[in-house]
Amino acid sequence: MSGGLDRRWIYLGMMLAVALPILWNGMTGKTFPESPTPPSQACFDAIEALPEGSRVLVSFDYDPASEGELAPMATSFMRHLMHKRLKPVIIALWPLGPTKGEETISNVIKADFPDRVSGRDFVNLGFQTGNEGVLKVIGTDFRKQFPVDRSGMPVDRLPIMEGITKVGDFSLVITISAGYPGSKEWVQYVSSANPGLVLLAGVTGVQASQIYSYYPGQLRGMLAAIKGAAEYEALVSAVVDGDGVTPPRYTEARRRMAPQLFGHLVLIGLIVAGNAVYFSQRGRKAVAR
Amino acid sequence: MSRSIALLICLMGGLTMLVSPFLPMATGWANDVTDWFNILAAMAFVLGGGSLLKVQLMRLSARGPGWGYSALTLLAFIVTLWVGLGKVGVVADPSAPTVAWSGKPDDEGSAFWWIYLYVMTPITSTLFAVLAFYVASAAFRAFRAKNVEATLLLATAFVILLGRTFAGVVLTGWLPDWASGLRLENLAVTIMDVFNTAGNRAIIIGIALGVASTGIRLMLGLDRSYLGGDA
Amino acid sequence: MVLGADAGFMNPEKMLLCVVLAATCACILASMVAARAGRVPKIRRITGLEAVEEAVGRATEMGRPILFVPGIQDMDNPMTVAGITVLSRVAGTAARYDATLDVPVSRSLVMQAARESVQAAALQTGQPDWYDPERIRYITDEQFGYAAYAAGAMARDKPAACFYMGCFFAESLILAENGNAIGAIQIAGTAETAQLPFFVASCDYTLIGEEFFAASAYLSGAPDQLGTLRGQDIVKALIALVLVFGVVMATTDAFSPEPASEPTAEVAP
């Protein structure tokens, strides 16, 4: 029991609030319009400001558990980078991060930008163990931590890595993170040590309250939870697709805003119900006294 | 004697990490200390794996309640270890097609990749998604307007919940531009950016000082409880 | 280990940070020395730590076990070290009451440290036979695998008291809500600010941030350890002063009139 109500009713309400909008989305394909908040707009602007051919370090610091919130961000970031002809260098501080990076490469680059070549236009350098230790080392010697790419090719032979010796040599750094090590560690060990470096972050809703402390100082922009992902996705779609139709795989975040809306409405309903129970119990106690 | 050595290692490691940001010559030392810890943690995994096997095997042999779960745990442990170490189903790397096992264990098509994609991914995603139910249950119980502070918290929760969805636009999108700061989506950002940030920073400053103080106590050997105290 | 030929002895960009760090350490050390000399600070009651006795006593009365979760990070995380410190206190109390203490861990090194700590607590209490290493066991490094085990263990064993002391992420609410559902008395402590609201909502007592780090000094009662807490407070007061000064300066600057732009100097050809 949870405050006089069987928890299973709460769970059922939440399940319906999430499941029904997903079905509605699937049948109609409709999404809500999004207007960007400043942190999301700042992410978009930071990437727009880069000249063609700039190298961007993208760190996949999450695993399948938080894929629902973070994968749409990764997809939009990659699509935007490719559209702008920027060159992403993918790394991961989480063991399952490289696989997420590979999935994003497959869904975005291989599907829509087949002319881009691995090693020249993008590369996946894989995972390195050591958490913040990795960040400390790449601050002074990037190749010490990432000597080869995911297929075993030495980075010295990759055109995309030419002239890159430390993390400060990248034009922009993006971290898409679900916890530790993640955005906080990137701020503490990379942004603080390289004051001129532009750092963007995509974070889960739970993390957002904590990471807001670093915006817009150490973090130039941030995508907070699925809402931030949806706003950024809309911005990218507007610039890439124009008035054309956006492929469904690039509307993932926006399609999740309907379940989010109804989930939040259920929460509000539960809070109101909880208070109604509380005040009625208090009233009965007062009468009994 | 062994405790004194442990404390000395703690002191040396702590001092190295402390000075490394300021002394360029110490950067390499700090990296080495981090590497040593990683090696130690990796070796300690054998102890962890041993503990897991021992506990589950004991439960299995005792045939107590839930022994089936122990059998399943052991099966999953052994199968995953076998397909990972044995590189089951791994295709040879194109750079060395004649060398057996030259591919990576998690390459697409391998058994390890299959376990990751069809077992690990759905299970962990499901467990993360379960949080939605727990949040609902906790919200029902915790958000009670018992006093002024709790009522303010409640009102803030409503603004954030509505402001982070399309409901905010529907409810307050009509507000003119000069009052756009009062639109729910903008109010939500203001709450997160100003009030939440101020509170968070205060807590973070306290935590940072707490970590510094704890670090000093550990390095000086004042706090030895993690080593089993003074016994 | 490579020392660049151009690397100076001191990094000049970090000089200010170095001074701040040195001042912080100096304050803490000076307070510690002062406490040793007899100027022991008075520490307010931390209800979460005072409730340890109550929670363990309740579990003993009900004949149910106690569950202690030391977070999901390794021994290189200060929160885990702080958690192990609280564990030694809980273990000492549990040994005295002869209550069952279960400690599932998600890191092998933490398992070793927890075993050392619990064994020492049992010895200090004079109950060496109470210590059972198999009750402190490794589960998995995987975050949600660990959370699933802990939630399952709660449903099966129905512990009367649950302690969550360490570094937690998304699993915090899974643990705390399951503990709440079985009616256990729950005490949490963490410095992960994102998880604090969940613990506050679902637990009976929560040690917030620095309270959690103060636990070892508080529980030990040793003057030099308590002295470090006063040092912390002195530095915090100094930071507050600097903040107020910064706010005043920034506000003054915002309201002061813009300086007239100086005419561009003519450059002779």
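The values are calculated or read from the model by the stated rules, or taken from the named source; none is laboratory data. All values derive from a computational prediction rather than experimental measurement. Ideal geometry is used to build each Cβ from the backbone, glycine not excepted, and the neighbour counts take in all protein chains shown.
Here are the numbers:
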item	result
Selection within the range A:1-35 - more than 30 Å from C:N178 (Cβ to Cβ) and facing chain B (nearest Cβ under 10 Å)	A:T31, A:F32, A:P33, A:E34, A:S35
Test: residue in the range C:204-211 that is in a helix (DSSP H, G or I) and among the aromatic types (F, W, Y)	no
Residue in the range C:194-210 that is surrounded by fewer than 16 Cβ atoms within 10 Å (Cβ to Cβ), at the interface with chain B (Cβ under 10 Å from one of its Cβ atoms) and either hydrophobic (A, V, I, L, M, F, W, C) or closer than 17 Å to C:R89 by Cβ (or both) present	yes
Residue that is surrounded by the most Cβ atoms within 10 Å (Cβ to Cβ), among those in the range B:139-190 that are β-branched (V, I, T) and free of Cβ contacts under 8 Å to residues at least 24 places away in the same chain	B:T165
Spans of helices (runs of 4 or more DSSP H) in the range C:72-168 with at least 3 residues under 20 Å from C:L219 (Cα atoms)	C:78-97, C:108-125
Those residues of the range C:152-178 which are at the interface with another protein chain (Cβ under 9 Å from one of its Cβ atoms) and more than 17 Å from C:A194 (Cβ to Cβ), in sequence order	C:G152, C:R156, C:N178
Residue within the range A:107-129 that is in contact (Cβ under 8 Å) with a residue 40 or more places away in the chain, within 12 Å of chain B (Cβ to nearest Cβ) and crowded, with 20+ Cβ neighbours inside 10 Å present	no
Selection count where residues are assigned to a helix (DSSP H, G or I) and over 27 Å from C:M111 (Cβ atoms), scope the range B:179-229	30
Residue list for the range A:161-198, filter: under 20 Å from the mean Cα position of the chain (by Cα) and assigned to a loop (DSSP other than H, G, I, E, B)	A:F170, A:S171, A:A178, A:G179, A:Y180, A:P181, A:G182, A:L197, A:V198
Test: A:Y278 is part of a helix (DSSP H, G or I), crowded, with 17+ Cβ neighbours inside 10 Å, aromatic (F, W, Y) and more than 15 Å from the chain's Cα centre (by Cα)	yes
Residue in the range A:52-64 that is free of Cβ contacts under 8 Å to residues at least 40 places away in the same chain and among the basic types (K, R) present	no
Conditions (1) touching a residue at least 40 places away in the same chain (Cβ under 8 Å); (2) in a helix (DSSP H, G or I); (3) of a type in the set (D, E, K, R): number failed by C:E192	(2)
Helices (runs of 4 or more DSSP H) contained entirely in the range B:38-138, each with at least 3 residues that are surrounded by 13 or more Cβ atoms within 10 Å (Cβ to Cβ) and within 14 Å of chain C (Cβ to nearest Cβ)	B:67-85, B:121-129
Flag if A:P21 is outside the structural domain of A:N131 (by TED's automatic domain parsing) and either of a type in the set (D, E) or within 17 Å of A:A238 (Cα to Cα) (or both)	no
Selection count, the range A:86-124, where residues are touching a Leu at 6+ places or on another chain (Cβ under 7 Å) and among the hydrophobic types (A, V, I, L, M, F, W, C)	5
Cβ-Cβ under 9 Å pairs, at least 6 apart or on other chains, the range B:201-223 side more than 7 Å from chain C (Cβ to nearest Cβ) and closer than 12 Å to C:T193 by Cβ, far side surrounded by fewer than 21 Cβ atoms within 10 Å (Cβ to Cβ) and among the polar types (S, T, N, Q)	none
